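The values are calculated or read from the model by the stated rules, or taken from the named source; none is laboratory data. Since the model is a prediction, treat every value here as computed from it, not as a measurement. Note: ideal-geometry Cβ built from the backbone for every residue, glycine included; neighbour counts use all protein chains shown.
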Amino acid sequence: MKIGAFSDAVGGDSPEATADRARAAGMEAVQVRAEWPGLDLVGSGADRARVRRAYERADIAVAALAAYSNLLDPRPERRRQIHDRIEQLIRVAPELGTSLVVTEVGTFDPQDNWADHPHNRTPEAWTELVEVTGRLTRLCEQTGVQLVYEPYVATVLHSAAAARRLSDEIASPALGFVFDAAGLMTPALLPSNASVTAEACALLGDRIALAHADDVRYEDGQARWLPLGWGDLDARAVFAGLVGTGFDGALIVEHVAEDLLPAAVAFCRQQVAAMEGGD
């Protein structure tokens, strides 16, 4: 398992400088943001090649392309634009050195891609999710890319059970999922987070294409996002569940300042090694 972070977790005035700083922080993998200041990773092959070379030179694997978008935006024209963009990112992701394109599925809230909405849990919303997923995975099958959805409690794909249901309905190897235990928790679920994590690992298993190492603490009902081990999740349960699935991809640290990133990466590396060693 390679430990890393998002591309914008470290600074740098060029892809080369950013990659060097990432390596200095201990990163072995990176989830590249599609939005890179000063570059056009959607439209420019030269920019994509430059980013890929920078990470190759730093010996960092480009684990995934972060293409987070509200695929179910209720505004028709905006939804069409989002779909056009993610289709383009699916086509060009291999030029960055990755076969994974990651997004949330989205919500029917027109203002916030991660906010709940009454329509999210309706049969009609599910039907629309199945339709767009089927279309995008067919494109992925043609391009050798995997569409990777990140389940989140406030979106249409609100649980690991929903992700497993979608996987069974789509029945395509071109659909995978992010294992992000923190994103599956509500204040009500947090006291039983270890069992929620275990259930998610059992349901998703080899469908996990990428993992996130983040944590959550609810304060006055509001989520505060933290690196794994710094919040209220049972971090040991997260590492044990992930290792238990046989996952050997990238584990991406989130929600940490650059000066604290080396410690967060080292913590994850130590925990994974301990679990793989049977401790």
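Could you give every pair whose Cβ atoms fall below 7 Å, whose first residue belongs to the stretch 1-29 and is in contact (Cβ under 8 Å) with a residue 40 or more places away in the chain, and whose second residue is outside any loop (DSSP other than H, G, I, E, B) and of a type in the set (Phe, Trp, Tyr), counting only separations of at least 6 or pairs across chains?
As it stands, the answer is 19/55, since those pairs meet every condition given.
Can you confirm whether the stretch 128-140 contains a residue that is over 26 Å from residue 94 (Cα atoms) and either basic (Lys, Arg) or surrounded by fewer than 23 Cβ atoms within 10 Å (Cβ to Cβ) (or both)?
Yes, the stretch 128-140 contains a residue that is over 26 Å from residue 94 (Cα atoms) and either basic (Lys, Arg) or surrounded by fewer than 23 Cβ atoms within 10 Å (Cβ to Cβ) (or both).
Could you check residue 68 against (1) surrounded by fewer than 18 Cβ atoms within 10 Å (Cβ to Cβ); (2) over 28 Å from residue 268 (Cβ atoms); (3) within 18 Å of the chain's Cα centre (by Cα) and say which number it fails?
(2)
Going through the stretch 115-134 one residue at a time, which ones are within 30 Å of residue 62 (Cα to Cα) and either in contact with a Phe, Trp or Tyr (Cβ under 6 Å, 6 or more places away or on another chain) or touching a residue at least 24 places away in the same chain (Cβ under 8 Å) (or both)?
Scanning the stretch 115-134 gives 115, 129, 130, 132, 133, 134.
With the requirement that a residue be more than 17 Å from residue 154 (Cβ to Cβ), surrounded by fewer than 19 Cβ atoms within 10 Å (Cβ to Cβ) and either in contact with a Ser or Thr (Cβ under 8 Å, 6 or more places away or on another chain) or hydroxyl-bearing (Ser, Thr, Tyr) (or both), what does the stretch 76-127 give you?
Of everything in the stretch 76-127, those that are more than 17 Å from residue 154 (Cβ to Cβ), surrounded by fewer than 19 Cβ atoms within 10 Å (Cβ to Cβ) and either in contact with a Ser or Thr (Cβ under 8 Å, 6 or more places away or on another chain) or hydroxyl-bearing (Ser, Thr, Tyr) (or both) turn out to be 85, 91, 94, 127.
With respect to residue 150, determine if the residue is in contact (Cβ under 8 Å) with a residue 12 or more places away in the chain, buried (at least 20 other Cβ atoms within 10 Å of the Cβ) and acidic (Asp, Glu).
yes
Between 169, 131, 199, 141, which is of a type in the set (Asp, Glu) and over 21 Å from residue 101 (Cβ atoms)?
The match here is 199.
Given the condition at pLDDT 95 or above, within 18 Å of the chain's Cα centre (by Cα) and assigned to a helix (DSSP H, G or I), answer yes or no: does some residue in the stretch 43-59 qualify?
Checking the stretch 43-59: not a single residue is at pLDDT 95 or above, within 18 Å of the chain's Cα centre (by Cα) and assigned to a helix (DSSP H, G or I).
For the stretch 179-222, give me each residue that is in contact with a helix residue (DSSP H, G or I) (Cβ under 9 Å, 6 or more places away or on another chain), assigned to a strand (DSSP E or B) and surrounded by 18 or more Cβ atoms within 10 Å (Cβ to Cβ).
Once the filter is applied, which keeps residues that are in contact with a helix residue (DSSP H, G or I) (Cβ under 9 Å, 6 or more places away or on another chain), assigned to a strand (DSSP E or B) and surrounded by 18 or more Cβ atoms within 10 Å (Cβ to Cβ), the stretch 179-222 yields 179, 208, 211, 212, 213, 214, 215, 216.
Output yes when any residue across the stretch 137-157 is more than 25 Å from residue 182 (Cβ to Cβ), touching a helix residue (DSSP H, G or I) at 6+ places or on another chain (Cβ under 7 Å) and in a loop (DSSP other than H, G, I, E, B), and no when none is.
Yes; the residues of the stretch 137-157 include at least one that is more than 25 Å from residue 182 (Cβ to Cβ), touching a helix residue (DSSP H, G or I) at 6+ places or on another chain (Cβ under 7 Å) and in a loop (DSSP other than H, G, I, E, B).
Kindly provide the set of residues from the stretch 231-248 that are surrounded by fewer than 20 Cβ atoms within 10 Å (Cβ to Cβ), in a loop (DSSP other than H, G, I, E, B) and not acidic (Asp, Glu), ordered by number.
Matches in the stretch 231-248: 245, 246.
For a quick check of your reading of the model, give me the residue pairs whose first member lies in the stretch 96-114 and is under 13 Å from residue 144 (Cβ atoms), whose second is at pLDDT 95 or above and part of a loop (DSSP other than H, G, I, E, B), with beta-carbon atoms closer than 7 Å and at least 6 apart or on different chains.
Close Cβ pairs (under 7 Å, with a partner that is at pLDDT 95 or above and part of a loop (DSSP other than H, G, I, E, B)) amount to 99/144; 99/145; 101/67; 101/145.
Residues that are modelled with pLDDT of 95 or more, farther than 30 Å from residue 49 by Cα and within 18 Å of the chain's Cα centre (by Cα): does the stretch 81-97 have at least one?
Within the stretch 81-97, the first condition is being modelled with pLDDT of 95 or more, and the residues that meet it are 81-97.
When the remaining residues are screened for being farther than 30 Å from residue 49 by Cα, the result is none.
Within the stretch 81-97 (the criterion being modelled with pLDDT of 95 or more, farther than 30 Å from residue 49 by Cα and within 18 Å of the chain's Cα centre (by Cα)), the answer is no, since none of the residues qualifies.
Would you pick out the residues in the stretch 85-112 that are hydroxyl-bearing (Ser, Thr, Tyr) and out of contact with any His (no Cβ under 7 Å at 6 or more places or on another chain)?
98, 99, 103, listed by residue number.
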